[in-house]
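Peer 1: Pasting a structure below so you can have a look.
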Amino acid sequence: MKAAKFKYVAPRSLEEALGHLGSDPDAKVLSGGQSLMPLLAMRLAAPSVLVDLQHVPGLNAIEDIDNAVRIGARVTHRAVEHSELVARRVPILSLAARHIAHPQIRSRGTFGGSTAHADPSGEWPTVLLAVGATMHLQGAAGRRDVHADDFFVGPFTSSMEPAEILTQVSVPATWDRWSFQEAAVKAGDYGLALVAAVASVENDTITDARVSVGAAVGSVTRLREVEQLLIGAAPDLNTAERAARVATDSVKPISDIHGSSDYRRNLVGSLVKRAIVELKNGA
Ligand SMILES: Cc1cc2nc3c(=O)[nH]c(=O)nc-3n(C[C@H](O)[C@H](O)[C@H](O)COP(=O)(O)OP(=O)(O)OC[C@H]3O[C@@H](n4cnc5c(N)ncnc54)[C@H](O)[C@@H]3O)c2cc1C
């Protein structure tokens, strides 16, 4: 099947891009095209205008700002994967990046595109929810910031307005420990279950923690019962085993042709245990 007819524009500024989006409710942003183009080809989406962001300046930087690493929406998965700044300041992104598809797709697909797409199986949505990232959005009326807790509101659904553009994402660099775990049938496939975990640790006690799950659930979700168990506990094997049991009991997994809900429930428990063991070791 071929895509339905659409108009293509390649604006040279954010204002121009916002103008196109604001003047046609069926216009859509195009970034790396690695999710949108297949949807067009299958006619699961039929926008009237594609607003290509590739020539819009100011969306391509990775910067160290205010205890956070700020990543431009047009930065590719591969640039994140190979960034020395990312590896040093927010290593969970380097760990997760290598699980996204294959190098060819990582070279075209973008950080902002994946975040905006809000795929429940996406590595970035799962990680950004765990770390408590902030999304920076620009609309015709101005700029606003949305915390990850309020951004991912459902499967393939974010709280962005149709005429807004995601410009950057700020990833807090303040966590002491980080872990990303994924189970997939083979390398490069979408995962069957993803778990991202971060913690602050003082005197061998976890003082704060956030844990999220993707792919095994209908929408990226925090495992709040696991977070409650972790806070005040020692990052040790005993805590990891208890956290795994709580995750197994509390997660609400999906069931599909790739795996039953019981299978995914156990997978999430195993990944949570691995994640907490990695937090223990200071990954
Ligand atoms: C074979 C294959 C395997 C893949 N495997 C994985 C995988 O394992 N894990 C994974 O996470 N992804 C996977 N992907 C998807 C890939 O990561 C995409 O790059 C990503 O989901 C979308 O990024 P993009 O830049 O390609 O966005 P696009 O496809 O251009 O856009 C995606 C959506 O986001 C919107 N959008 C894009 N940028 C913005 C913006 N700045 N502001 C507002 N809206 C915006 C678009 O309008 C569109 O609705 C795979 C893709 C393919 C083709």
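The values are calculated or read from the model by the stated rules, or taken from the named source; none is laboratory data. Just so it is clear, the model here is predicted, and its values are computed rather than measured. FYI the Cβ positions are ideal-geometry reconstructions off the backbone, even for glycines, and counts take in every protein chain you see. We work out accessible area using only protein heavy atoms, side chains counted, and drop any ligands, DNA or RNA first. Shrake-Rupley method; radii C 1.70, N 1.55, O 1.52, S 1.80 Å.
Peer 1: Scan the stretch 43-66 residue by residue and report those that are away from the ligand (no atom under 11 Å from the Cβ), polar (S, T, N, Q) and surrounded by 14 or more Cβ atoms within 10 Å (Cβ to Cβ).
Peer 2: Across the stretch 43-66, the qualifying residue is only 60.
Peer 1: If a residue has to be away from the ligand (no atom under 15 Å from the Cβ) and of a type in the set (Val, Ile, Thr) to count, how many in the stretch 135-175 make the cut?
Peer 2: 2
Peer 1: In addition: Looking for whichever is touching a helix residue (DSSP H, G or I) at 6+ places or on another chain (Cβ under 6 Å), touching a residue at least 60 places away in the same chain (Cβ under 8 Å) and more than 12 Å from the ligand (Cβ to nearest atom) here; the options are 86, 69. Which one fits?
Peer 2: 69
Peer 1: Scan the strands (runs of 3 or more DSSP E) fully inside the stretch 90-208 and keep the ones with 1 or more residues being free of Cβ contacts under 8 Å to residues at least 60 places away in the same chain, in contact with a Phe, Trp or Tyr (Cβ under 7 Å, 6 or more places away or on another chain) and not small (Gly, Ala, Ser).
Peer 2: 134-139
Peer 1: Could you check how many residues of the stretch 20-63 are over 19 Å from the mean Cα position of the chain (by Cα) and either in a helix (DSSP H, G or I) or not hydrophobic (A, V, I, L, M, F, W, C) (or both)?
Peer 2: Count: 21.
Peer 1: Of the residues 188, 122, only one is within 8 Å of the ligand (Cβ to nearest atom), more than 19 Å from residue 53 (Cα to Cα) and assigned by TED's automatic domain parsing to the domain that holds residue 207; which?
Peer 2: Criteria check complete, one pass: 188.
Peer 1: With the structure loaded, tell me whether residue 102 is more than 11 Å from the ligand (Cβ to nearest atom) and more than 21 Å from residue 22 (Cβ to Cβ) or whether it fails that test.
Peer 2: For residue 102, the condition - more than 11 Å from the ligand (Cβ to nearest atom) and more than 21 Å from residue 22 (Cβ to Cβ) - is not met.
Peer 1: Further question: Quick one: in the stretch 154-184, which of the residues that are among the hydroxyl-bearing types (Ser, Thr, Tyr) and open to solvent by less than 30 Å² (accessible area, probe 1.4 Å) is farthest from residue 128 (Cα to Cα)?
Peer 2: Taking the candidates together, the pick is 167.
Peer 1: If you don't mind, there's one more thing I want to ask. Tell me which residues, restricted to the stretch 130-153, are among the hydrophobic types (A, V, I, L, M, F, W, C), within 18 Å of residue 213 (Cβ to Cβ) and open to solvent by 10 Å² or more (accessible area, probe 1.4 Å).
Peer 2: The answer is 152, 153.
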